[in-house]
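Everything below concerns the one structure shown next.
What follows is calculated from the coordinates using simple rules that are stated; it is not laboratory data. Fair warning: this is a prediction, and the values are worked out from it, not measured in the lab. Cβ coordinates were reconstructed from backbone atoms using ideal geometry, including for glycine residues, and neighbour counts include every protein chain displayed.
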Amino acid sequence: MDLVDHLVVDYTVVTYDRRGLSRSKVHDPAREVTMETHADDVHHLLACLTDEPALMVGCSLGAVIGLHLAIRHPGQ
């Protein structure tokens, strides 16, 4: 049983493919995708889903993106 299976018991869980990973495409491969871009992507996704603050769990790069999200959009 992975972490998501445990969390869905008590929480609404949203996962996504970050820009340039798996099924998500980078529109301009010559342009660097920054941590700020990743954080803004998460911000826009969450804003479409809820106007309430969200809890975020991230491992490795996901944790770094979460920290950038917290700095750029602290109320989210």
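Side notes on the structure shown:
- Residue within region 15-24 that is in contact with a Ser or Thr (Cβ under 6 Å, 6 or more places away or on another chain) and on the phi < 0 side of the Ramachandran plot present: yes
- Counted residues, region 13-56 - those being among the aliphatic types (A, V, I, L, M) and either in contact with a Pro (Cβ under 9 Å, 6 or more places away or on another chain) or not in a loop (DSSP other than H, G, I, E, B) (or both): 7
- Conditions (1) under 17 Å from residue 68 (Cβ atoms); (2) surrounded by 11 or more Cβ atoms within 10 Å (Cβ to Cβ); number of the one not met by residue 6: (1)
- When region 9-55 is filtered for residues that are surrounded by fewer than 12 Cβ atoms within 10 Å (Cβ to Cβ), of a type in the set (Gly, Ala, Ser) and touching a Lys or Arg at 6+ places or on another chain (Cβ under 7 Å), only 24 remains.
- Residue that is nearest to residue 21 (Cα to Cα), among those in region 58-76 that are surrounded by 13 or more Cβ atoms within 10 Å (Cβ to Cβ) and aliphatic (A, V, I, L, M): 65
- Taken over region 48-72, residues that are more than 21 Å from residue 4 (Cα to Cα) and within 12 Å of the chain's Cα centre (by Cα) amount to 2.
- Every residue from region 13-56 that is over 12 Å from residue 73 (Cβ atoms) and of a type in the set (D, E, K, R): 17, 18, 19, 23, 25, 28, 31, 32, 51, 52
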